[in-house]
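Worksheet for the structure shown next.
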Amino acid sequence: MSMSVAIRRAELEDAVQIVSLTHELGYFTENAETIEWLEILLKSASHAVFVASSAGNDLSGWLVVEKRISLETGYKAEISGLVVKKDFQRRGIGRGLVEAAMEWSRQNNLYKLVVRSNIQRTAAHIFYPRMGFSMCKTAHTYELSLKSTQ
């Protein structure tokens, strides 16, 4: 990395900065939600949360990777979220975070790493192939809210 940034496992104390970065990704969560979700992820043997930390412990990015299993393909690792602060992009931080996910995957005997990227994130569609990922399919994502409308 061209700047002094360390990739490390996230800690609960990182939650407020993670919220700020999550907003840059386009998801508007509250501090309390992020603290709750981060606490669950940090305790999970099937997940790892990595952050890019610079002097003063300021965060410039985060990544979540998880161990997944399906009947059709078996076990794999999947990056379920990655963000690098806009002012810090193209400095090797994303690469460092993905390399941490790759190492975690190998340590967990997972030899396939998958990532999904919104079609609107054009920079990601350049970044991932440069990291060695190859596009294997295009899909639509559907969502159904199960919250009560009462």
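Every number here is computed from the coordinates shown, using simple stated rules; none is lab data. For clarity, every value in this text was computed on a predicted model and none was experimentally measured. Cβ: placed from backbone, ideal geometry, glycine included. Neighbour counts: every protein chain shown.
Using θ = phi - 60° and the Karplus relation 6.51 cos²θ - 1.76 cosθ + 1.60, list the HN-Hα couplings for region 93-99 in order, rounded to whole Hz, with x at every Gly or Pro.
Here the 3J(HN,Hα) series is 6, x, 4, x, 5, 5, 4 Hz.
Just to check I understand the Karplus step: with θ = phi - 60° and J = 6.51 cos²θ - 1.76 cosθ + 1.60, what whole-Hz values come out for region 37-45, glycine and proline as x?
5, 5, 4, 5, 5, 5, 8, 7, 6
Note down the net charge around residue 44, summing +1 for each Lys or Arg and -1 for each Asp or Glu among other residues with Cβ under 14 Å from its Cβ.
Local charge sum for residue 44: 0.
If the label point is 7 Å along Cα→Cβ of residue 68, which residues in region 91-123 have backbone nitrogen under 13 Å from it?
So the set is 112-118.
Taking the Cβ of residue 138 as the centre, find all other residues whose Cβ is under 15 Å away and add up their charges (Lys, Arg: +1; Asp, Glu: -1).
+3
So for each of 35-45, 82-92 I average, over its residues, the number of other beta carbons within 10 Å; can you give me the resulting order with the highest mean first?
Ranked from most to least packed, the peptides come out as 82-92, 35-45.
Return the equivalent ellipsoid semi-axes of the chain as a descending list in whole Å, where each equals the square root of 5 times an eigenvalue of the C-alpha gyration tensor. Display every interim value, and only then the final one.
Details: eigenvalues 102, 88, 59 Å².
Semi-axis lengths for the chain are 23, 21, 17 Å.
Below 8 Å between Cα atoms, with a sequence gap of 6+, how large is the relative contact order for the chain in percent?
Computed value for the chain: 20 percent relative contact order.
With Cβ to Cβ distances under 9 Å as the rule, what net charge do the other residues near residue 53 carry (K, R +1; D, E -1)?
Overall, the nearby charge balance is -1.
For the chain, what is the mean residue ellipticity at 222 nm derived from helices alone (per DSSP H run of n ≥ 4: -39500 (n - 2.57); sum divided by total residues; nearest 500 deg cm²/dmol)?
-10000 deg cm²/dmol
Under 5 Å between amide hydrogens, which residues at least 5 positions from residue 81 or on another chain qualify, with H placed 1.01 Å from N in the peptide plane?
Under 5 Å from the amide H of residue 81 lie the amide H atoms of 64, each far enough along the sequence or on another chain.
So how do 34, 122 line up by other beta-carbon neighbours within 10 Å, fewest first?
Listing 34, 122 from fewest to most nearby Cβ atoms yields 122, 34.
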